[in-house]
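Asker: Quick one: this structure, given as structure tokens, is what I'll be asking you about.
Since every read-out is calculated from the coordinates, none of them should be taken as a lab result. From a predicted model like this one, the values you see are computed outputs, not experimental measurements. A quick note on method: Cβ atoms are made from the backbone with ideal geometry, for glycine too, and the neighbour counts reach across all protein chains shown.
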Amino acid sequence: FVKSAVERIPYNISKRNGTYSCGHIRKERGRLDLDWESAGKTFSICEGCADDSKNLFKIISQMMLSPDNSKSFSVRSKMGLQCYGDCENCKLTRDIPVSDDLTDKYFNMLSDKEFIKRYSEETRSVIKDEQDIFIIGDACYGKDKKEFLKKISHEPWERPALIKLMKVTEGAVLDEGTVNEFLELYWEDYKIEILRSIFNDKESIEEVLSKDVRPREKLRELNEIKKKKEEMDTLPEFKKLPPEAKFADTVARAYKVNGEDEATNKIESYNLSDTRLKSIAYGFYIVFGKGDSKRWKYEDSEVESGEFLSDHIEKLLHSEGEDYAENLQRVVKMSGSTSAVVMKDGKKMR
């Protein structure tokens, strides 16, 4: 009877050390172990060979006449892990038993492959409570935080947040190793500290926390706020600006903070009638590569003046500090105005 049952098994198995196995049983591979206790036989199938349409227990027991064949069997499993740590005492050498619920489901025809998958999920939920162990997928890095962090794909600006998180966390078990997955493990407890590592500004942090987005998007938005504020900090403050300077400064700041589209929207929000302002506007369009599409709005003299101003506007967009003020004054002067840009300290630009 036992021989007949073994012959019915659809897997390519052979007997090794008293166990019938597919031959791929190693600690780094997940597997199913089915013990036929009444016959003293064990069958082991690795996660690679396990089939999603087969149940080894059903195949072996189908000719048995007992009303409850599961009493003659027990089922075990192993979660496959690649070891990349250097731990003196591995926390994962102990066997984590299969839950009663999963055992019942297997004996009620859950497939071999699905059984291994669900056991792995169960085991991960258990080891998530372990301290000083870092896992991504099927790779275990033990206590090695540095190697674990290397495997989380992230942008350079995200690194301070991840480093902060590594300092406060005692372990992490991730499925995919994404930034969001890692952040979400500890977000509720450490979100303020994490956000401060990107930009320590209370008002900005409160702003991003009010948004209904995932943690990584909150980090991204906070980083954008930081960049905008840093960009604005490089620009001078003025006491008085003539109309030409006020217009050019408004558009230039919109460009520096939010880019070309925002600068274009700012230009188009004005109902321009003054020739000098229109020439400056056309100069911006040339710099943005939109001169041809906007030309129809302007007189020939405004187009000619805008073409002349475009080089000065280009310099304005890429300057900061007092150089920015000097380039702004140059745009004003080259537009035909004799008015002066006045700095916050009263200094007049010439």
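Asker: If contacts are Cα pairs under 8 angstrom and at least 6 residues apart, what is the relative contact order of region 238-343 in percent? Show your work: numbers first, answer last.
Answerer: Working: 131 pairs, mean separation 36.6, N = 106.
Relative contact order of region 238-343: 35 percent.
Asker: According to the square roots a ≥ b ≥ c of the eigenvalues of the Cα gyration tensor, what is the shape class of region 199-350, taking rounded for a/c under 1.5, prolate for a/b larger than b/c otherwise, and oblate for the remainder?
Answerer: Note, shape of region 199-350 comes out oblate.
Asker: Still on this structure: Between His24 and Gln131, what is the spin-label point distance in nm, taking each point 7 Å from the Cα along the Cα→C-beta axis?
Answerer: Going by the 7 Å Cα→Cβ label model, 3.8 nm.
Asker: Students often get this wrong, so try it: which of [x] 35, 25, 19; [y] 72, 22, 15; [z] 40, 22, 21 is semi-axes √(5λ) of the Cα gyration tensor in Å as calculated from the structure shown?
Answerer: [y]
Asker: Using the alpha-carbon atoms, what tilt in degrees (0 to 90, nearest 10) does helix 215-233 show relative to the longest principal axis of the chain?
Answerer: Roughly 20 degrees between the two axes.
Asker: Once R0 is set to 56 Å, what does the formula 1/(1 + (r/R0)^6) return for the Cβ-Cβ distance between Ser70 and Glu221, expressed as a FRET efficiency to the nearest 0.05?
Answerer: Working: r = 54 Å, r/R0 = 0.97.
Plugging the Cβ-Cβ distance into 1/(1 + (r/R0)^6) gives 0.55.
Asker: For Arg94 and Gln82, compute 0.36 nm times the residue count separating them, minus their Cα-Cα distance, and round to one decimal in nm.
Answerer: 2.7 nm
Asker: Would you look at the GNM of the chain, springs on alpha carbons closer than 10 Å, and say which of Tyr11, Tyr20, Tyr270 moves the most?
Answerer: Looking only at Tyr11, Tyr20, Tyr270, the largest GNM fluctuation is found for Tyr270.
Asker: Distance check, please: which entries in Lys145/Lys202; Lys145/Lys228; Lys290/Lys315; Lys202/Lys228; Lys3/Lys113 exceed 21 angstrom between their Cα atoms?
Answerer: On the way: Lys145/Lys202 29 Å; Lys145/Lys228 33 Å; Lys290/Lys315 18 Å; Lys202/Lys228 16 Å; Lys3/Lys113 24 Å.
From Lys145/Lys202; Lys145/Lys228; Lys290/Lys315; Lys202/Lys228; Lys3/Lys113, over 21 Å: Lys145/Lys202; Lys145/Lys228; Lys3/Lys113.
Asker: Please report, in whole Å, how far the alpha carbons of region 47-154 spread along each principal axis, starting with the longest.
Answerer: Principal-axis extents of region 47-154 (Cα, largest first): 56, 25, 19 Å.
Asker: Need one number: nm distance between label points at Glu188 and Glu299, each 7 Å from Cα along Cα→Cβ, rounded to one decimal.
Answerer: 6.7 nm
Asker: Can you give the relative contact order of region 152-231 as a percent, counting alpha carbon pairs under 8 Å and 6+ residues apart? Provide the component values of the computation, followed by the final result.
Answerer: On the way: 60 pairs, mean separation 25.4, N = 80.
Computed value for region 152-231: 32 percent relative contact order.
Asker: Exceeding 20 Å between C-alpha atoms, which entries from my cross-link table qualify? They are Lys164/Lys211; Lys164/Lys226; Lys128/Lys211; Lys246/Lys347; Lys105/Lys128; Lys239/Lys348.
Answerer: From the list (Lys164/Lys211; Lys164/Lys226; Lys128/Lys211; Lys246/Lys347; Lys105/Lys128; Lys239/Lys348), the Cα-Cα distance tops 20 Å for Lys164/Lys211; Lys128/Lys211; Lys105/Lys128.
Asker: Subtract the Cα-Cα distance of Glu7 and Val257 from 0.36 nm times their separation in residues, and report this length gain in nm to one decimal.
Answerer: 82.7 nm
Asker: Separation between the Phe238 and Thr178 pseudo-spin-labels, each 7 Å from Cα along Cα→Cβ, expressed in nm?
Answerer: Using points 7 Å along Cα→Cβ, the separation is 4.5 nm.
Asker: Helix 275-287: angle to the longest alpha-carbon principal axis of the chain, degrees 0 to 90, nearest 10?
Answerer: Taking Cα atoms only, the helix is inclined about 30 degrees.
Asker: What does the extension gain come out to for Phe308 and Ser153, with contour length at 0.36 nm per residue minus their alpha carbon separation?
Answerer: That pair, Phe308 and Ser153, stretches by 51.1 nm at full extension.
Asker: Taking Lys15 as the anchor, which aspartates and glutamates have their alpha carbon closer than 16 Å to its alpha carbon, excluding any fewer than eight residues away along the same chain?
Answerer: Partners within reach: Glu7, Asp33, Asp35.
Asker: Could you tell me how many degrees, from 0 to 90 and to the nearest 10, lie between the Cα long axis of helix 179-198 and the main elongation axis, the longest principal axis, of the Cα atoms of the chain?
Answerer: It is inclined by approximately 40 degrees.
Asker: Over the residues of region 177-278, compute the C-alpha Rg and express it relative to 2.2 N^0.38 Å. Before the final figure, lay out the partial values.
Answerer: Working: Rg = 18.6 Å, N = 102, 2.2 N^0.38 = 12.8 Å.
Dividing the Cα radius of gyration by 2.2 N^0.38 Å gives 1.46.
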